[in-house]
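Chemist: One structure is given below, represented as structure tokens, and several questions about it will come after.
The values are calculated or read from the model by the stated rules, or taken from the named source; none is laboratory data. Remember, it's a predicted structure, so these values are computed and weren't measured experimentally. Virtual Cβ from ideal backbone geometry, glycine too; neighbours counted across all protein chains shown. Accessible surface areas use protein heavy atoms only, side chains included; no ligands, DNA or RNA. Shrake-Rupley method; radii C 1.70, N 1.55, O 1.52, S 1.80 Å.
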Amino acid sequence: MMTTVIDGNAAGQDAATTRRLPRIPLIDQARGVALIAMAIYHFTWDLGFFGYIEPETAATGGWRIFARMIAGSFLFLVGFSLVLGHQNGFRPRPFFIRLGKIAAAAAAITVATWFAFPQTFIFFGILHAIAAASLIGLFFVRLPVVVTLLAAAAAVAAPLYLRAPFFDHPALWWVGLSVNVPRSNDYVPLLPWIAPVLLGIALARLFVASPLPERLAGYGNATKGRWKTLLEAAGRHSLAIYLIHQPVLIALVYGASLVVPAPAPDPVAEYTKSCMRACEGERDTGFCRSFCGCTLDGLMEQDLFADLNSGKIDITTDERIATLSSQCTADAETRPDPKE
């Protein structure tokens, strides 16, 4: 019996494809909840960008997990909705209209972030992933559920076992198998992120073969309050909200910064963090603590620290900086970590 449900026998498929499914408000409401979570995360990023909290806050710890959960929920709903939208057969016109809007929005975000954040612009973010996964997902809408679940598991495992320098070329960053992860303000590569889309497709296939659609549609309409109506409306216009919410949030935080500026960062702490971040890409933490402490002391002793912070010193050409760096490198290689 379970095998029949998972594989989708002919009778089950016929039943699923002949009945017309009602619109299920809970799906739009779930998308609305995901939009709220996304706005909370982006607001946190904005606070870090303008200096009200630590700049790396949104990319570390629980916030990093929160961001992945948000991305996963959007992609899961993409797969789930793909099945609901085409369960009676592929509908090319609405599919390609939707795909065109998403692709255009993704391209616009790439262009905008290229100018705003050239070092970390978004070349393959959540919208790019949704567009690519929607195309790939079409091939799984009619496949047996077990095949789709196996493909989802393979997508999760691929980055763990198949990373190779070949994928370090910028033209292949979107795949998700590069050894050196590229810097971006929103990086959602195909692997492993197509997995939640495939999982959504698999569960939606089981969902439409059950009596749940009619039950949930009735429940959603019978218990709908004002907040649910707002969530549903937001879910139906998720692309528009996605595009406008971050510029609005940035404008609000920027306006607040003009009235109540963020406290000025401690230049010593900022230098140490920046030095450690750059150093730890090449050396161990103990060496970097010694090296950064040594260079900081040297800059202070030679009265170079203020000029370095103000941009009056070019670290790539100033011989005093090069000499200090060489001396501190040798010193850090012979002296123990000061915190050990």
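Chemist: Report the residue count in the stretch 262-310 for those that are in a loop (DSSP other than H, G, I, E, B) and open to solvent by 60 Å² or more (accessible area, probe 1.4 Å).
Modeler: Step one: filter the stretch 262-310 for residues in a loop (DSSP other than H, G, I, E, B), giving 262-266, 280-284, 302-304.
Subset that is open to solvent by 60 Å² or more (accessible area, probe 1.4 Å): 263-266, 280-284, 302-303.
Number satisfying all stated conditions: 11.
Chemist: Which residue out of Thr272, Thr329, Thr295 is within 25 Å of Ile53 (Cβ to Cβ) and β-branched (Val, Ile, Thr)? Steps first, please.
Modeler: Details: Thr329 fails: within 25 Å of Ile53 (Cβ to Cβ); Thr295 fails: within 25 Å of Ile53 (Cβ to Cβ).
Going through Thr272, Thr329, Thr295 in turn, just one is within 25 Å of Ile53 (Cβ to Cβ) and β-branched (Val, Ile, Thr): Thr272.
Chemist: Among (1) under 18 Å from the mean Cα position of the chain (by Cα); (2) assigned to a helix (DSSP H, G or I); (3) modelled with pLDDT of 95 or more, which single condition is Ala112 missing?
Modeler: Every listed condition holds for Ala112 apart from (3).
Chemist: Give the stretch 174-208 a look and list any residue that's touching a helix residue (DSSP H, G or I) at 6+ places or on another chain (Cβ under 7 Å), among the β-branched types (Val, Ile, Thr) and open to solvent by 30 Å² or more (accessible area, probe 1.4 Å), or say none.
Modeler: Val179
Chemist: Looking at the structure I just gave you, is Leu258 of a type in the set (A, V, I, L, M), in contact with a helix residue (DSSP H, G or I) (Cβ under 9 Å, 6 or more places away or on another chain) and part of a helix (DSSP H, G or I)?
Modeler: Details: of a type in the set (A, V, I, L, M): yes; in contact with a helix residue (DSSP H, G or I) (Cβ under 9 Å, 6 or more places away or on another chain): no; part of a helix (DSSP H, G or I): yes.
Here the answer is no, as Leu258 does not meet what is asked.
Chemist: In the stretch 75-93, which residue that is under 26 Å from the mean Cα position of the chain (by Cα) and open to solvent by 30 Å² or more (accessible area, probe 1.4 Å) is modelled with the highest pLDDT? Break it down stepwise before answering.
Modeler: Residues of the stretch 75-93 under 26 Å from the mean Cα position of the chain (by Cα): 75-85.
Okay, now just the ones that are also open to solvent by 30 Å² or more (accessible area, probe 1.4 Å), so 76, 81, 84.
On the way: Phe76: 97, Ser81: 93, Leu84: 90.
Applying the filter and picking the extreme gives Phe76.
Residue by residue, here is whether (1) in contact (Cβ under 8 Å) with a residue 24 or more places away in the chain; (2) among the small types (Gly, Ala, Ser); (3) at positive phi holds:
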{"position": "Ile241", "(1), (2), (3)": "yes, no, no"}
{"position": "Ala251", "(1), (2), (3)": "no, yes, no"}
{"position": "Gly255", "(1), (2), (3)": "no, yes, no"}
{"position": "Tyr271", "(1), (2), (3)": "yes, no, no"}
{"position": "Cys279", "(1), (2), (3)": "no, no, no"}
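Chemist: Here is a follow-up. Restricting the first residue to the stretch 294-321 and requiring it to be assigned by the TED database to the domain that holds Tyr271, which pairs with a second residue that is at pLDDT 85 or above and outside any helix (DSSP H, G or I) meet a Cβ separation below 9 Å and a spacing of at least six or different chains?
Modeler: Pairs that qualify, where the first residue is assigned by the TED database to the domain that holds Tyr271 and the partner is at pLDDT 85 or above and outside any helix (DSSP H, G or I), are Gly298/Leu304; Ile313/Leu304; Asp318/Leu304; Arg320/Gln302; Arg320/Leu304; Ile321/Leu304.
Chemist: Residue under question is Pro118, and the condition is that it be in the same structural domain as Ile97 (by the TED database), open to solvent by 60 Å² or more (accessible area, probe 1.4 Å) and either on the phi < 0 side of the Ramachandran plot or in contact (Cβ under 8 Å) with a residue 12 or more places away in the chain (or both); does it hold?
Modeler: Details: in the same structural domain as Ile97 (by the TED database): yes; open to solvent by 60 Å² or more (accessible area, probe 1.4 Å): yes; either on the phi < 0 side of the Ramachandran plot or in contact (Cβ under 8 Å) with a residue 12 or more places away in the chain (or both): yes.
Here the answer is yes, as Pro118 does meet what is asked.
Chemist: Would you be able to say whether some residue in the stretch 233-246 is hydrophobic (A, V, I, L, M, F, W, C) and within 30 Å of Asp297 (Cα to Cα)? Explain how you work it out, then say what you get.
Modeler: Step one: filter the stretch 233-246 for residues hydrophobic (A, V, I, L, M, F, W, C), giving 233-234, 239-241, 243-244.
Filter once more, keeping what is within 30 Å of Asp297 (Cα to Cα): none.
So far as the stretch 233-246 goes, no, none of its residues is hydrophobic (A, V, I, L, M, F, W, C) and within 30 Å of Asp297 (Cα to Cα).
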